[in-house]
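A quick write-up on the structure given underneath.
The values are calculated or read from the model by the stated rules, or taken from the named source; none is laboratory data. Please read these numbers as outputs of a predicted model, since none were measured by experiment. Cβ coordinates were reconstructed from backbone atoms using ideal geometry, including for glycine residues, and neighbour counts include every protein chain displayed. Accessible surface is based on the protein model in full, side chains and every heavy atom, while ligands, DNA and RNA are left aside. Shrake-Rupley method; radii C 1.70, N 1.55, O 1.52, S 1.80 Å.
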Amino acid sequence: MLIQPDSLVYFKNRFVQASEVRLPFLSSTFHYGYGVFEGIRSYETQQGPRMFKPQAHFNRLLKGAEQLGLALPHSPEELTAVSYTLIQKNGLRDAYVRPLVFEDTNMSLVVKGQPMLLIACWKWGPLLGDQQVHLSTSRYRRPNRPSELAEYKVCGFYAETIRAKTEAKSKGCQDALMLDEAGRVLGTTGANIFIEKNEVLYTPPAHNIIPGVTRTTVFELSQELGIDIVEKDLYLEDLIQSDGVFLSGTATEIAGVASLDGRGFTMEWEDTLGHLISRTYRRLVTEMDLQPATLI
C-alpha cells in the first residue's frame, strides 16, 4: 500500500490524514477524466530532501488546470512549499509527490470552475525498476491530442496507456512502446524515449508528446557533455536499427532499454551515451542543492 490511513495529504488547504479524505464521487474528473496531475520526485541529499525542478512541474500543473477551466489560486512557489512540508510531516526523504487537480461535484458536462487540489506523497522507487527495461510494441495506437492540451498530464489521456501497459505486462515486459495513428514512435506509456545511432541521440519532436521535465534535463545534460540530440519523427525501424535506447521521466528516471519485442540492440548499455547520461543525472538529483526546502 502506497498510502497508509494515517499518512498525511494536503486537501482543501489543510494537512489531513488520508483516512479523512472524502472525494466527490459525482465529479467529472472521476467519470470523464476531466482533471490534471503531476509527478515530482524528492531525493535525499546532503542538504536534506530536495525535489527536482518542482516549480517547473507545478507551473505545468497550474497552466494545465487553467486550460481546463480549473484555475487554482496558488503559485508554483506556494505549492512547492506545501509539498516540502508534506514530505517532512510524513517523515520522508526520498519521495514521490502527486498533485491532482479535479472538479468538485459536477455531472453537467459543463465546466463550473470548482477545482479541488489534493497532494499526496509516498516512498516509491523507479517506476520500471532498477534493471534494464524490456518493451513490447503496443497494438493500441494513441490518438492525436488537442494541441493546446498536448503538453499537460490530463487524466483522461491515460486510458489507452493503461491498456497498453497491461498488455505488455502479460507478455513479461515492463512497459509498452506507444505509436500514433501514423505509426510514429511517441514513447512508452509514461516516459519519453531516446535512441542512439553512431554517437548521436534522436528523440521524437515535441508535437503530440508530453515534452517532459526529465526530457528537458536530458537535453541540458547532453549539451554539457557535448552530445548531439536531433528531434525527428522515429519509426519502429529506427529503434530496431539503433545502437541503444533509453527512457526518461520523473517516475521512470533514466532507464536503459534491454530489448524491444524480444530483440536487443547493437551496444551494451554500459557503453552507450544513455548510460553516461543516467549516471550524470543521478549525481545531479542527489548531490546538488537544487531548491531551498521552504516549509510552511
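List of remarks:
- Based on C-alpha pairs under 8 angstrom that are at least 6 apart in sequence, the chain has a relative contact order of 20 percent.
- The length gained by stretching the chain between Y158 and V200 to full extension, at 0.36 nm per residue less their Cα-Cα distance, is 12.0 nm.
- Low-density loop cleavage sites - GluC sites (Glu not before Pro) in region 91-194, where at most 13 other Cβ are within 10 Å (DSSP): E148, E181
- Calculated mean residue ellipticity at 222 nm for the chain: -8000 deg cm²/dmol, from DSSP H runs with n ≥ 4 weighted as -39500 (n - 2.57), summed, divided by the residue count and rounded to 500.
- Net lengthening on full extension, R283/D261 (0.36 nm per residue, minus Cα-Cα): 4.8 nm
- Here the spin labels are modelled as points 7 Å beyond Cα on the Cα-Cβ line, and at K63 and V230 they lie 2.8 nm apart.
- Between the residues I3, L225, T250, the greatest Cα displacement towards the positive end of the dipole of the chain, with unit charges on the Cβ of Lys, Arg, Asp and Glu, is found for I3.
- About its Cα centre, the dipole of region 32-146 is roughly 420 debye, where the only charges are +1 on Lys and Arg Cβ and -1 on Asp and Glu Cβ.
- Of the trypsin sites (Lys or Arg not before Pro) found in region 1-43, those in coil by DSSP whose Cβ has at most 16 other Cβ atoms within 10 Å are K12, R22.
- Surface composition of the chain: carbon and sulfur make up 49 percent of the accessible area, probe 1.4 Å.
- Net dipole in debye of the chain [+1 Lys, Arg Cβ; -1 Asp, Glu Cβ; about Cα centre; nearest 20]: 1000 debye
- Loop-resident sites, region 6-76, for chymotrypsin sites (Phe, Trp or Tyr not before Pro), counting at most 16 other Cβ within 10 Å (DSSP): F25
- A 1.4 Å probe run over the chain, with the rest of the protein chains in place, finds 47 Å² accessible per residue.
- For K169, the aspartates and glutamates whose Cα falls under 16 Å of its own Cα, not counting residues fewer than eight places away in the same chain, are E160, D261.
- Computed from Cα atoms, the angle from the helix 159-170 axis to the main principal axis of the chain rounds to 50 degrees.
- 0 to 90° range, to nearest 10: angle between helix 76-89 axis and the chain longest Cα axis: 80 degrees
- 3J(HN,Hα) couplings calculated from phi for region 23-31 with the Karplus curve 6.51 cos²θ - 1.76 cosθ + 1.60 (θ = phi - 60°) are, in sequence order, 8, x, 6, 9, 10, 5, 5, 7, 8 Hz; Gly and Pro show x.
- The long axis of helix 273-287 is offset from the longest Cα principal axis of the chain by roughly 30 degrees.
- Inter-site label distance for S170 and Q88 at 7 Å from Cα along Cβ, in nm: 4.8 nm
- Gained length - E20 relative to A182, 0.36 nm times residue gap less alpha-carbon distance: 53.7 nm
- Label-to-label distance, R141 versus V110, with points set 7 angstrom from Cα along the beta-carbon direction: 3.7 nm.
- Karplus-based coupling profile of region 58-74, in residue order and whole Hz: 5, 4, 5, 4, 5, 5, x, 4, 5, 4, 8, x, 10, 4, 9, x, 10, with θ = phi - 60° in 6.51 cos²θ - 1.76 cosθ + 1.60 and x standing for Gly or Pro.
- Local net charge near R142, Cβ-Cβ under 13 Å (Lys/Arg +1, Asp/Glu -1): +3
- Each Lys and Arg adds +1 at its Cβ and each Asp and Glu adds -1 at its Cβ; summed about the Cα centre, region 1-97 shows a dipole of about 40 debye.
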